[in-house]
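The values are calculated or read from the model by the stated rules, or taken from the named source; none is laboratory data. Not measured: the values here are computed from a predicted model. Cβ placement follows ideal geometry from the backbone for every residue including glycine, while neighbour counts extend to all protein chains displayed.
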Amino acid sequence: MIIRKRLAAGVCGLLAAMAVGLSPLSATADEPDTDTSPKVELTLDVSGSMRARDIDGQSRMAAAKRAFNEVLDAVPEDVRLGIRTLGANYPGEDRKTGCKDTRQLYPVGPLDRTEAKAAVATLAPTGWTPIGPALQGAARDLQGGDATRRIVLITDGEDTCAPLDPCQVARDIAAQGIHLTVDTLGLLPNAKTRNQLSCIAEATGGTYTSVQHTDELRDRVHQLVDRAARPVVTPVATKGAAQCLDAPKLKAGLYTDRETFAEHRWYRVDVRPGQELRASVSIGADRAVNDDYGVLLRASTVHGREIVRGSEAGDGRTDVVSSGLRYPKAPLASADDEDTPGAETVCLQVSNSFSAPASVKTDPGLPVELTVDLVDGPDDASDAASFGLGRGWWLLGALALTGLLAGLVWGWISRWRVAVWRTN
C-alpha cells in the first residue's frame with residue numbers, strides 16, 4: 001500500500017511539473033498597466049417620462065437610482081468616473097431652453113462614492129430629452145489623456161431636440177479620432193428609440209442594450225464600467241493620404257481612420273528582409289448604404305507595381321466588410337535592422353465602393369480599422385507547412401508526448417493494482 005501511494009504521488013508530481021514547464025505564459029502576463037486611468041461618464045436621462053412606474057413596480061427614475069447606487073459601490077479603484085444628466089433642471093415648455101438642459105452632476109475623477117450617491121439622490125424627473133447636446137457635453141468632460149474613454153448613455157426615449165441628430169453627433173465624435181466609445185441602454189424602448197440608440201452605439205463602436213428590469217440595468221452598467229477598466233487594445237488614430245508618397249508610416253499595431261464614400265487612402269509600412277507583412281482592414285457601414293459594395297486592400301511598391309491584394313464585396317444589409325493580405329519578403333543577410341538598405345517600403349491602399357441614398361449624410365466618412373502585423377517569415381519548407389500554428393507546433397508535440405506518457409504510466413499502475421488485488 002505504501003509503495004502504491006508513493007508511486008501515485010510521484011506520477012502526479014511528474015505531470016504537474018511537466019504542465020508548469022510547458023506553460024507559455026508568465027505569472028505577470030495579466031498584470032494591468034497602471035500608467036493611465038480609464039475614464040467613464042454615466043449619462044442619465046432625467047426627463048419627465050422617467051416618472052412612469054413600469055419597471056419592477058417602481059418608477060424608471062427609482063430603478064435608475066437603485067442601479068446607480070449598486071454600480072457606484074463596485075467601480076474599480078483605477079477608474080475615473082463622472083455623471084452627467086439631461087433634462088434634469090428645466091420643467092418649462094420653451095424648446096430652446098429645454099434643449100440646453102444638460103449638466104455635469106459629478107466631475108470625472110477619483111470616485112467619492114458617498115458624494116456621488118448623494119448627488120444622484122437629488123435627481124427628479126423634470127424636462128426634455130436633449131441627447132445630442134448631452135453627448136457633446138460628455139465628450140468635452142472626457143477630453144485629455146490617452147486612456148480608454150467611455151460614455152454610458154441611459155435613456156427611456158428618443159431625442160426631443162431635433163434637428164440636432166444625436167446619431168450624427170456620435171459620428172462627429174468618432175471622426176475626431178479620440179477613441180471615445182458610446183454605449184447606449186434603452187429603458188423599455190419603442191422601435192424609434194431602439195433605432196436611434198443603436199445608431200449612436202454603432203457609430204462609435206459601442207453596444208446597445210434593451211433593459212426591462214432593474215437588475216438588468218445594474219448588471220449592464222457595471223459590465224461596461226468594468227470593460228473600460230480592462231480594455232483589450234487601444235487603436236491609434238491615423239490619417240491616410242491621397243498618394244503613397246505622402247502616406248503616414250505605420251508600424252505593427254491597430255489603427256483607425258475615416259474614409260469617405262468611394263475613396264482611396266494610402267499608408268506605408270517598412271518590411272525588413274525575412275519578415276512577413278500581414279494586414280487586414282474593416283470598414284463599417286454605420287449608416288444606411290446602397291446595395292453592391294466592396295472593400296479593397298492592396299499592397300504595392302513605391303513605384304506602383306502591385307505585390308498582392310485582398311478584396312471583399314457584398315450585396316445587401318451589412319455592418320462591416322473586411323479583407324486582408326500577406327506579403328513575405330525574402331531574407332537578405334545584410335538586413336540587420338530597420339535602417340538597413342534591405343528594408344522595403346510597402347504601400348498599402350485601402351479603397352471602398354460604398355454609396356449612400358441621397359437622404360443620407362456622407363460626412364464624416366465611414367470608420368476604418370486597419371491592422372498591421374510584422375512577423376518573422378518561415379525559414380524553410382517545413383516551417384511553411386506548419387505556418388498555421390507557427391511556433392506552437394513544439395507545444396502541441398510536447399502536450400501529445402505528455403498525454404502518451406501519462407497514459408502509459410496510468411495503464412501500468414492499473415495493471416499493477418489488478419495484479420496486487422489478485423494476489424491478495
Item to check | region 137-169: number of residues that are of a type in the set (Asp, Glu), crowded, with 24+ Cβ neighbours inside 10 Å and in contact (Cβ under 8 Å) with a residue 60 or more places away in the chain | outcome: 1
Next on the checklist: Which count do you get for residues in region 216-233 that are touching a residue at least 24 places away in the same chain (Cβ under 8 Å) and either part of a helix (DSSP H, G or I) or closer than 20 Å to Asp286 by Cβ (or both)?
Outcome noted: 11
Checklist outcome for this item: Selection over region 259-282 where residues are of a type outside the set (A, V, I, L, M) and either crowded, with 21+ Cβ neighbours inside 10 Å or within 23 Å of Ala330 (Cβ to Cβ) (or both) yields a count of 12
Checklist entry - touching a residue at least 60 places away in the same chain (Cβ under 8 Å) and under 17 Å from the mean Cα position of the chain (by Cα), is that true of Gly205? => result yes
Checklist outcome for this item: Restricted to region 93-136 and to residues being in contact with an Asp or Glu (Cβ under 7 Å, 6 or more places away or on another chain) and of a type in the set (A, V, I, L, M, F, W, C), the residue surrounded by the fewest Cβ atoms within 10 Å (Cβ to Cβ) is Val108
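Results for (1) more than 18 Å from Arg265 (Cβ to Cβ); (2) outside the structural domain of Trp266 (by TED's automatic domain parsing); (3) at pLDDT 95 or above, shown as yes or no for each residue.
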position	(1), (2), (3)
Gly294	no, no, no
Glu312	no, no, no
Gly324	no, no, no
Ala330	yes, no, no
Ala333	yes, no, no
Asp339	yes, no, no
Glu344	yes, no, no
Cys347	no, no, yes
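This table checks each residue for (1) of a type in the set (Lys, Arg); (2) at pLDDT 95 or above; (3) farther than 27 Å from Ile200 by Cα; (4) more than 23 Å from the chain's Cα centre (by Cα).
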position	(1), (2), (3), (4)
Asp35	no, no, yes, no
Glu70	no, no, no, yes
Val108	no, yes, no, no
Val120	no, yes, no, yes
Thr126	no, no, no, yes
Pro133	no, yes, no, yes
Checklist entry - Looking at region 298-313, which of its residues are crowded, with 18+ Cβ neighbours inside 10 Å and under 16 Å from Leu374 (Cβ atoms)? => result Ala299
Checklist entry - Just one of the numbered conditions (1) out of contact with any Pro (no Cβ under 9 Å at 6 or more places or on another chain); (2) farther than 23 Å from Ala52 by Cβ; (3) part of a loop (DSSP other than H, G, I, E, B) is not true of Ala162; which one? => result (2)
Checklist entry - If you go through region 61-83, how many residues are in contact with a helix residue (DSSP H, G or I) (Cβ under 8 Å, 6 or more places away or on another chain), part of a helix (DSSP H, G or I) and without any contact (Cβ under 8 Å) to a residue 60 or more places away in the chain? => result 4
